[in-house]
1. Confirm whether Ala79 is modelled with pLDDT under 95, in contact with a helix residue (DSSP H, G or I) (Cβ under 9 Å, 6 or more places away or on another chain) and not in a helix (DSSP H, G or I).
2. Looking at (1) open to solvent by 10 Å² or more (accessible area, probe 1.4 Å); (2) over 15 Å from the mean Cα position of the chain (by Cα), find the lone condition where Pro138 falls short.
3. Regarding region 117-130, can at least one residue be identified that is at pLDDT 95 or above, on the phi > 0 side of the Ramachandran plot and open to solvent by 10 Å² or more (accessible area, probe 1.4 Å)?
4. Looking at Gly160, is it open to solvent by less than 10 Å² (accessible area, probe 1.4 Å), under 15 Å from Ala54 (Cα atoms) and either of a type in the set (D, E, K, R) or at pLDDT 95 or above (or both)?
5. Looking at region 135-150 only, could you name the residues that are free of Cβ contacts under 8 Å to residues at least 60 places away in the same chain and not hydroxyl-bearing (Ser, Thr, Tyr)?
6. Does region 85-107 contain at least one residue that is open to solvent by 20 Å² or more (accessible area, probe 1.4 Å), in a loop (DSSP other than H, G, I, E, B), in contact (Cβ under 8 Å) with a residue 60 or more places away in the chain and touching a Gly at 6+ places or on another chain (Cβ under 9 Å)?
7. Could you please find all residues in region 6-51 being in contact (Cβ under 8 Å) with a residue 40 or more places away in the chain, assigned to a loop (DSSP other than H, G, I, E, B) and open to solvent by 60 Å² or more (accessible area, probe 1.4 Å)?
Amino acid sequence: MDNLQAIRGVAFDLDGTLVDSAPGLTSAVDQALYALELPVAGEDRVVTWIGNGADVLMERALSWSRQERAIQRAAQGKAGVDHADIPQEEQVRVLRKLFNRFYEQTVEEGSFLFPDVAGTLSALHSSGMPLALVTNKPTAFVAPLLEALDIAKYFSVIVGGDDVQNKKPHPEPLLLVAGKLSLTPDALLFVGDSRNDILAARAAGCPSVGLTYGYNYGESITLSEPDFIFDHFKDLLPVLGLSHSENQELKND
């Protein structure tokens, strides 16, 4: 595989790419559902909903949970109006408020770096490569999480879900990063784990890397046809002209 000689900056997705955030997100989602007396989802299901921001996550969680509750009530022979059957739009609004409250408590303790992330980011940063973060996660949660995981120091630009009018898969976040780094889109590599990441990169004119270990709604990232597909985060280094051995942190990451 040839080196990406034209690359002058790298942007990364967060959830499912750098960070396994599923435990913390699942805990917050399930606590919010439980508070509304709705069935909880569990991690295997929640990971298929991650990637489009908190509002869409709430819509997906609520839609599934309401269906589950209807099935349960039918099985119990219950008919009529469910006491929890308030308008869905109102429930989404309430669920989002509950989620925010619970996620503040679980975001840090329920998030973990994937293997080789810290060492690879350190190697890229040490090489002088500008690094950026582009996530649909609500902006308020991003900086504290990066600080807690000790990777905030690697990024010169951070774009959260509330920093743009249009979230991924829209190209706006990546075009914003390219502008802040004074790069043309084709000089900015975007690394992600989901189809939204690959679609955003393609729409912005950025080359893309798809990682196979992320969430991606239960689909294979190969279906989105990224320019590169890697099984391991550290595989970024060779294509960017760096060797694994150039950063000793990788051995203990």
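1. yes
2. The failed condition is (2).
3. Yes.
4. Yes; evaluated as a whole, the condition is true for this residue.
5. Scanning region 135-150 gives Ala140, Phe141, Ala143, Pro144, Leu146, Glu147, Ala148, Asp150.
6. Within region 85-107 (the criterion being open to solvent by 20 Å² or more (accessible area, probe 1.4 Å), in a loop (DSSP other than H, G, I, E, B), in contact (Cβ under 8 Å) with a residue 60 or more places away in the chain and touching a Gly at 6+ places or on another chain (Cβ under 9 Å)), the answer is no, since none of the residues qualifies.
7. Result: Ala6, Arg8, Glu37.
The values are calculated or read from the model by the stated rules, or taken from the named source; none is laboratory data. This structure is a prediction, so every number in the text was calculated from the model and none was measured. Virtual Cβ from ideal backbone geometry, glycine too; neighbours counted across all protein chains shown. Note: areas computed on protein heavy atoms with side chains; ligands, DNA, RNA excluded. Shrake-Rupley method; radii C 1.70, N 1.55, O 1.52, S 1.80 Å.
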